[in-house]
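Colleague: Here it is, the structure, as structure tokens.
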Amino acid sequence: MPITIYGIKNCDTMKKARAWLDKHGVDYSFHDYKTAGIDKDRLARWSKAVGWETLLNRAGTTFRKLPDAEKASLTEKKAMALMLAQPSMIKRPVLEVGGKLLVGFKPESYDAAFG
């Protein structure tokens, strides 16, 4: 089954997730938002699967720099536009494995997925 991990190369959480995959011998491809962006249809599928609230990285610097008015009045449409324009606002990593999505990195979630 094809496995793709989405994120940003220098993100610490991404480094942990990729190290886990490497250590466990999981073959995967890496999609870097900084160089390749993210397409609208994929982001929409993810949002439908896990919800835009799960995908939006509210803890990141890019989101925190937004004006308070923008942060307060978020809707799915606005959040999707922000994530498309600035993919660093997408929580990292997003791992596609066998039609399933894992958002964020928790070793126990990866253990369960690759068990």
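Colleague: Ignoring everything except DSSP H segments at least 4 long, calculate the 222 nm mean residue ellipticity for the chain; use -39,500 (n - 2.57) per segment, divide by total residues, nearest 500.
Modeller: -13000 deg cm²/dmol
Colleague: Okay, moving on. On a straight-distance basis, which lysines could pair with K15 in a cross-link, Cα separation under 20 angstrom, same-chain partners fewer than 8 positions away excluded?
Modeller: The qualifying lysines are K23, K34, K91, K106.
Colleague: Over its Cα atoms, what ratio of radius of gyration to 2.2 N^0.38 Å does segment 3-114 give?
Modeller: For segment 3-114, the normalised Cα radius of gyration comes out at 1.05.
Colleague: Name the residues whose placed amide hydrogens come within less than 5 Å of the amide hydrogen of I90, ignoring near sequence neighbours (fewer than 5 apart) on the same chain.
Modeller: N57
Colleague: Give the cross-link partners of K40 among the aspartates and glutamates, using a straight C-alpha distance below 20 Å as the criterion and excluding same-chain residues fewer than 8 apart.
Modeller: D32, E53, E76, E96
Colleague: I've got another one for you. Kirkwood Rh, Cα Rg: Rg to Rh for segment 30-94?
Modeller: Looking at segment 30-94, the ratio lands at 0.93.
Colleague: Counting heavy atoms of the protein chains only and a 1.4 Å probe, report the per residue accessible area for the chain as a whole number of Å².
Modeller: Ligands and nucleic acids excluded, the figure is 58 Å² per residue.
Colleague: From the phi angles alone, apply the Karplus equation (6.51, -1.76, 1.60; θ = phi - 60°) to segment 33-44 and give each ³J(HN,Hα) in whole Hz, x where the residue is Gly or Pro.
Modeller: So the Karplus estimates, Gly and Pro as x, are 4, 5, 9, 10, x, 9, 8, 4, 5, 5, 4, 5 Hz.
Colleague: While we're on this one: How many percent of DSSP beta bridges within the chain run antiparallel, rounded to 5?
Modeller: 70 percent
Colleague: Tell me the angle of helix 12-23 to the major Cα principal axis of the chain, expressed in degrees between 0 and 90 and rounded to the nearest ten.
Modeller: That works out to roughly 20 degrees.
Colleague: Here is a follow-up. Hey, any idea what % of the chain's accessible area is carbon plus sulfur with a 1.4 Å probe?
Modeller: 50 percent
Colleague: Let me cross-check I3: its accessible surface, 1.4 Å probe, with only protein heavy atoms counted, in Å² to the nearest 10?
Modeller: Accessible area of I3: about 20 Å².
Colleague: Another question, then. What is the chain's relative contact order, in percent, from Cα pairs under 8 angstrom and six or more apart in sequence?
Modeller: With pairs under 8 Å counted, the relative contact order is 38 percent.
Colleague: Quick one: how many Å² of D12 are accessible to a 1.4 Å probe, rounded to 10?
Modeller: 100 Å²
Colleague: Distance in nm between label sites at K40 and K15, each 7 Å beyond Cα in the beta-carbon direction?
Modeller: Each label point is offset 7 Å from its Cα along the Cβ direction, giving 3.6 nm.
The values are calculated or read from the model by the stated rules, or taken from the named source; none is laboratory data. Worth saying up front: this structure is predicted, and the values here are computed from it rather than measured. FYI the Cβ positions are ideal-geometry reconstructions off the backbone, even for glycines, and counts take in every protein chain you see. In case anyone asks, the SASA skips ligands and DNA or RNA and just uses the protein heavy atoms, side chains included. Shrake-Rupley method; radii C 1.70, N 1.55, O 1.52, S 1.80 Å.
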